[in-house]
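Participant: Take this structure first; my questions come after.
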Amino acid sequence: MLDGAVDRLVADRRATVDAVVEAPAPVQPIDLTDDATVTEVMDLAERVGEVVLASGTAVMDTTTQIEFIAATYGLSKCDIDVTYNSIRISADRGPRLPPYSTMRVVHYRSLDFTRLAAADRLTRRIRRELVPPQEALAALDEITSAPHPYPRWLATVGWAVMAAAVALLLNGGLLVALLSFAATTMIDRTNRVLNRRGLPFFFQHMVGGIIATVPAVLVSTFAKSLHLDPALIIAAGITVLLAGLQLVGAVEDAITGAPITASARMLEVIMMTGGIIAGIAFTLRVAEVFEATVPIADMTSTRDLTNLPLKLFAGALTSAAFALACYAERRAVAAAAFSGAAATIVYLLVQHFGFGPIVSSGVAATVVGLAGGLLARRALTPPLVVAVAGITPLLPGLRVYRGLYALLNDELIVGLNQLFSAFAVGLALAAGVTLGEWMARDLRRPRIVKRMGSLRRPRLSSG
């Protein structure tokens, strides 16, 4: 009964990373003595790995995808080493031929979910049709050189809508949502100009923190009669800036046995978060120098079951807007919206029953990872897209500001407690997604893997 229910939900489809089975038989393997052909296959495997790694995919999933592509063409004995910014492959061509080794450096990080989904579909096509290496490389060239599916201004709207939705989720009201929309639009356009000029991302995040704080300070100083909570404008800006970081990949790498890449990704997350905090702290200190009013951070929880329909809508809109900003396909945007709503309701219910924010975040993220994995198969989209978008409503932007506000007001214990809690919530979200994806993968594990326990190598045929 369980298998039947799952089949109905996922339409008996699996994302490539969870459907790696033996290559089609009988396989016509490449000529292992032909260095040119072997080079093409290795280049194809490395470049597909580059796309998925640059999008934040964990090391183990990236390795599996590279291994499968190489094995499909007959390179069934490969040693693969994937780190934060490089991919190394060494292929054993038998006792009479020297091994073939190659390395590729990943120079970029890209939240282009359409490109990730296209690479996923290409891998499925290689599995299904055994596409010649030259043809597969040409298709991959089209994927990596294709323009974004949406105009850049639409991605800016996506980030801005996400900020507005976060403000609504935190009970900020319509005016706070509009101010968050405007501030995030300015953040995105400004950082786009700075990125073209080559400014390091740390300083871009610092600028983002400054821009998010300025309207909150102005509202606190000159619009006290409106009875708004301007701290939520800053919290929405922090959430948007945190959403693009590779926290999920870092924690998943640490859990699944890739400590080097996990350390590098986590250091990047910490440094970018530090840039955000530095920008906010700088702006608040400047405001105090000019005797402006600093937005007060309310230390009481804002996550409750009041206005539940609005919060469900805001949670779904947050995830959908994030997916849109990352150029996800339309069906993936719909799946992300469902995942965001599920994360919001589960978090609120678990917290309503007396659990703290860390446990609530972990439980909600586990549901997101499970539901996201199944929904991703229904939409034929990599699970990473739906899972990462699904947890965005739960990112601890407000908690980060509370900790910073307390530190700036000499409340050291309270501030450190809030910042540590924000860090713990982030880890709980990433770990929960990892657990949920494992559960989804186990439900849809191919029979051959259940029976054999591992990937079966392709069978070679002389015909």
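Participant: Between Leu130 and Glu411, what is the spin-label point distance in nm, taking each point 7 Å from the Cα along the Cα→C-beta axis?
Facilitator: 6.8 nm
Participant: Of Ala430, Val333, Leu199, which is farthest along the charge dipole of the chain in the positive direction, counting Lys and Arg as +1 and Asp and Glu as -1 at C-beta?
Facilitator: Result: Val333, furthest along the dipole toward the positive end.
Participant: Any idea what the dipole of the chain comes to, in debye rounded to 20, about its Cα centre with Lys/Arg Cβ at +1 and Asp/Glu Cβ at -1?
Facilitator: Once rounded to the nearest 20, the dipole reads 820 debye.
Participant: A follow-up question, please. Give me the net charge of Arg88's neighbourhood, meaning all other residues with Cβ under 10 Å from the Cβ of Arg88; Lys, Arg count +1, Asp, Glu -1.
Facilitator: Surrounding charge for Arg88 is -2.
Participant: Here is a further query. Out of every Cα pair in segment 87-164, what percent are spaced more than 22 Å from each other? The partial results should precede the final answer.
Facilitator: Details: 1472 of 3003 pairs.
Tail of the P(r) past 22 Å holds 49 percent of the pairs.
Participant: Quick one: if the Förster radius is 56 Å, what FRET efficiency do Thr144 and His352 give, using the C-beta to C-beta distance and rounding to 0.05? Please report the intermediate quantities before stating the final value.
Facilitator: Working: r = 46 Å, r/R0 = 0.82.
With a Förster radius of 56 Å, E is 0.75.
Participant: Might you tell me the accessible area per residue for the chain, computed with a 1.4 Å probe and given in Å²?
Facilitator: On a per-residue basis, 43 Å².
Participant: Going from the alpha-carbon gyration tensor of the chain, what semi-axes, largest first and in whole Å, does one get by taking the root of 5 times each eigenvalue?
Facilitator: 43, 23, 18
Participant: What are the principal axis extents of the Cα atoms in segment 307-395, in Å, biggest first?
Facilitator: 37, 23, 18
Participant: Ok, one more. What longest region of the chain stays clear of chymotrypsin sites (Phe, Trp or Tyr not before Pro) that DSSP places outside H, G, I, E and B and that have at most 13 other Cβ atoms within 10 Å? Can you show the working numbers first?
Facilitator: Numbers: sites that count: Tyr108, Phe290, Phe353.
By the stated rule (loop sites, at most 13 other Cβ atoms within 10 Å), 109-289.
Participant: Another question, if that's okay. Would you mind getting me the FRET efficiency between Tyr108 and Phe420? Use the beta-carbon distance for r and R0 = 30 Å, nearest 0.05.
Facilitator: The computed FRET efficiency comes out at 0.40.
Participant: Mind checking the dipole of segment 139-255: about its Cα centre, +1 per Lys or Arg Cβ, -1 per Asp or Glu Cβ, Debye to the nearest 20?
Facilitator: Dipole magnitude for segment 139-255 comes out near 520 debye.
Participant: Report the residues of segment 156-195 in range of a label on His227: point 7 Å along Cα→C-beta, backbone N strictly under 15 Å from it.
Facilitator: 172-176
The values are calculated or read from the model by the stated rules, or taken from the named source; none is laboratory data. As the structure is a computational prediction, the values presented were derived from the model and not from experiment. Every residue, glycine as well, gets a Cβ built from its backbone with ideal geometry; the counts of neighbours run over all protein chains shown. SASA here: full protein model, heavy atoms, side chains in, ligands and nucleic acids out. Shrake-Rupley method; radii C 1.70, N 1.55, O 1.52, S 1.80 Å.
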